[in-house]
Amino acid sequence: MSWDWNYLWQVLPSVLEGLLVTFEATVLGALVAYVLGLIFAILRRSGIWVISRLVWLIVEFVRSTPLLVQLFFLFFVLPQFGVTLSPLTAGVLGLGLHYATYTSEVYRAGIEAVPKGQWEACVALSLPRTRTWLRVILPQAIPRVLPALGNYTISMFKETPLLLAIGVLDLAGAAFEVGSLNFRYVEPLTLAGVLFLVLSYPASLLVRFLERRFGLAK
Amino acid sequence: MIRFSGVVKKFGNHVVLDGLDFTVAPGEFVSLIGPSGSGKTTILRLLMTLEKVDGGKIDVGGECLTHMRRGDRMVPADEKYLRAARQRIGMVFQQFNLFPNMNVLRNITEAPRYSRRVPAGEAERRARELLGMVGLEDKADAHPTQLSGGQQQRVAIARALAMDPDVLLLDEVTSALDPELVADVLRVLREIAASTDITILCVTHEMQFARDVSDRVMMFDHGRVLEEAPPEKLFTEPDHQRTKEFLRAVIERR
């Protein structure tokens, strides 16, 4: 087996295009996961039995079914109900929804780590509910959960190749595609692997830094 | 100002208050003393609506705190009713419970601004005035973590007063403090007791303080008022043996 540098340079643009898609899917998916997860966590604490039970059911259901099945559902089944999503949109929503069930647990832990006395002080001061959440509870809870959110973001980054199943050519997908066009996979797939590594390793260092700075243990 | 009528409070199977009755007059300073677990703190928490009664009712300032009128019946108060009702009541906690993500000034102005809609400038002027009263005018921009426990507690007192409550609840406010920091907090409380007409309910183990500032002292045991009397009477010639034992134990511990 030989290594062909010329071929590597030739496939580089297509692979980088895939990297861009990976970024897009990760960033947008992560935003969905951050926001939706927070909404889940807050709704579960709403004190309204029906709502917290319903959210619990959704979270458990999504978490205990495979992401791949959810992607298939969003992309191939929803059109039957008149909702047609582009591959990337379906991918972002699927990834975001799936990871929202994990981030909601992370937020929940962060919220529970805020001392009970903070809630009681808010009651004693008659602070409105939104003010209590936005100015007192979340500003104390979120710094503590940043490392965990970071870890999930890295996981999402590494899970984007799954989107190939619904036709999104991410970093790995693009490498595979260009490889199969030329019947030669070594260079593009190696390149994709190296790119995943050089991006996710520094990211995990950043997470470790965040952990030391804000972690729950502190 | 405050009336407990047959108040029952249980935690699981444990009955903390079993049909408690008492009243507090407007402007009165009442100290609640007694062994731990006798229900003193529960009384304050019920008044602050941090707990719900399991029976009986509580009135504050002539209005019912625990129940509201629906049609011609009284039903347990809902959250919306409680939100309005608790505005007249302030509380200072054993653990201060200042907001660590806000500076001192912000801790004090937050509630007036957002639950009473006081304009920012007005809330800040009042906050600085209160900080002056508790002797911390120079700490407005400090963060709670930069303050000693005694300073934090004085900020917490200012924060509670910023809402202009009719009733102030003090829940063992010096218990978490190092002994040398207690005096400053008590001095501030004496001043408030002397200079305002706020009705104050104070759970404390500081017997000298209770004796100096209280209009009345209530001795609790097992969720009941064992005896109540003006401080001079209760601390010198209590009616009950149990009270004598308790006072001796507290004094010896110091």
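Bear in mind that the values in this text are calculations on the coordinates, not laboratory data. Computed from a predicted model, the values in this text were never measured in an experiment. Note that each Cβ is placed from the backbone with ideal geometry, even for glycine, and that neighbours are counted across all protein chains shown.
In whole Å, what are the extents of the stretch A:105-166 along the principal axes defined by its C-alpha atoms, from largest to smallest?
Sorted largest first, the three principal extents are 53, 20, 14 Å.
Tell me, what HN-Hα J-couplings in whole Hz come from the Karplus equation 6.51 cos²θ - 1.76 cosθ + 1.60 at θ = phi - 60° for each residue of the stretch B:172-181, using x for Gly and Pro?
6, 5, 10, 5, 8, 9, 5, x, 6, 9
Please report, to two decimal places, log10 I(q)/I(0) for the stretch B:103-254 at q = 0.13, 0.19 Å⁻¹ as given by the Debye formula with identical point scatterers on the Cα atoms and no solvent.
At q = 0.13, 0.19 Å⁻¹ the computed log10 ratios are -0.66, -1.14.
Can you give the charge dipole size of the stretch B:1-139 about its Cα centre, rounded to the nearest 20 debye, using +1 on the beta carbon of Lys and Arg and -1 on the beta carbon of Asp and Glu?
Once rounded to the nearest 20, the dipole reads 360 debye.
Residue by residue through the stretch A:19-35, which ³J(HN,Hα) values in whole Hz follow from phi under the Karplus form 6.51 cos²θ - 1.76 cosθ + 1.60 (θ = phi - 60°), with glycine and proline marked x?
4, 4, 5, 4, 4, 4, 5, 5, 5, 5, x, 5, 4, 4, 5, 5, 6
Excluding residues on the same chain fewer than 8 positions from residue B:57, give the lysines whose Cα lies under 17 Å from its Cα.
Within the straight-line limit of under 17 Å, residue B:57 reaches these lysines: B:9, B:10, B:40.
Taking the Cβ of residue B:75 as the center, what net charge do the other residues with Cβ under 12 Å away carry, scoring Lys and Arg +1 and Asp and Glu -1?
Local charge sum for residue B:75: +2.
Could you compute the net charge surrounding residue A:199? Neighbours are other residues with a C-beta less than 13 Å from the C-beta of residue A:199; K and R count +1, D and E count -1.
0
Which one, B:98, A:33, B:241, projects farthest toward the positive side of the charge dipole computed for the protein assembly as shown from Cβ point charges (K/R +1, D/E -1)?
Of the options given, the answer is A:33.
Which lysines, if any, have their Cα less than 16 Å from the Cα of residue B:233, not counting same-chain residues under 8 positions apart?
B:244
Would you mind checking which residues have amide H under 5 Å from residue B:68's amide H? H placed 1.01 Å from N; only 5 or more apart, or other chain.
B:75, B:77
Per DSSP H run of at least 4 residues, take -39500 (n - 2.57); add these up for chain A, divide by its residues and hand me the 222 nm value, nearest 500 deg cm²/dmol.
So the helix-based figure for chain A works out to -25000 deg cm²/dmol.
Using Cα-Cα distances under 8 Å and only pairs 6 or more residues apart, what relative contact order does the stretch B:102-245 have, in percent?
About 18 percent, as a whole number.
In what order do B:240, B:67, B:14 fall by count of nearby beta-carbon atoms within 10 Å, going from fewest to most?
B:14, B:240, B:67
How do A:214, B:99 line up, fewest other C-beta atoms within 10 Å first?
Placing the least packed residue first, the sequence is A:214, B:99.
Over all alpha-carbon pairs in chain B, figure out the percentage whose distance exceeds 26 Å.
42 percent
Charges at C-beta only: +1 for Lys and Arg, -1 for Asp and Glu. How large is the resulting dipole of the stretch A:1-127 about its Cα centre, in Debye rounded to 20?
520 debye
Compute and list, largest first, the equivalent-ellipsoid semi-axes of the protein assembly as shown from the alpha carbon gyration tensor, each √(5λ) rounded to a whole angstrom.
60, 25, 19
Tell me, what HN-Hα J-couplings in whole Hz come from the Karplus equation 6.51 cos²θ - 1.76 cosθ + 1.60 at θ = phi - 60° for each residue of the stretch A:150-160, using x for Gly and Pro?
x, 4, 5, 5, 5, 4, 4, 3, 7, 8, 4
Quote the Stokes-Einstein diffusion coefficient, in whole µm² s⁻¹, for chain A, based on the Kirkwood radius over alpha carbon pairs, a temperature of 4 °C and a viscosity of 1.567 mPa s.
Once the numbers are plugged in, D ends up at 67 µm²/s.
Suppose a student asked you for the relative contact order of chain B, using Cα pairs under 8 Å spaced at least 6 residues apart; what percent would you report?
The normalised contact order for chain B reaches 25 percent.
May I ask you to list the aspartates and glutamates whose Cα is less than 20 Å away from that of residue A:158, ignoring any residue fewer than eight positions away on the same chain?
Result set, ordered by chain and number: A:17, A:24, A:170, A:177, A:187.
First select every other residue whose beta carbon is under 15 angstrom from the beta carbon of residue B:142; then total the charges, Lys and Arg +1, Asp and Glu -1.
Every neighbour counted, the sum reads +2.
Using Cα springs under 10 Å in a Gaussian network model of chain B, which residue among B:39, B:61, B:12 shows the largest mean-square fluctuation?
Looking only at B:39, B:61, B:12, the biggest GNM fluctuation is shown by B:12.
Name the shape class, rounded, prolate or oblate, that the alpha-carbon gyration tensor gives for the stretch B:16-64, where a ≥ b ≥ c are the square roots of its eigenvalues, rounded holds for a/c under 1.5, and otherwise prolate holds if a/b is larger than b/c and oblate otherwise.
Oblate, since a/c reaches 1.5 and b/c is not below a/b.
Give me a single rounded figure for A:126-133: the average over its residues of other chain Cβ atoms within 10 Å of their Cβ.
Per residue, the number of nearby Cβ atoms from other chains is 5 on average.
Relative to 2.2 N^0.38 Å, what does the C-alpha radius of gyration of the stretch A:1-93 come to as a ratio? Two decimals please.
Cα Rg divided by the expected 2.2 N^0.38 Å: 1.56.
For the stretch A:100-218, calculate the relative contact order in percent as a whole number, restricting contacts to Cα pairs under 8 Å that are 6 or more residues apart.
30 percent
Treating only the Cβ of Lys, Arg, Asp and Glu as charged (+1, +1, -1, -1), what charge dipole size does chain B show about its Cα centre? Round to the nearest 20 debye.
That gives a dipole near 780 debye.
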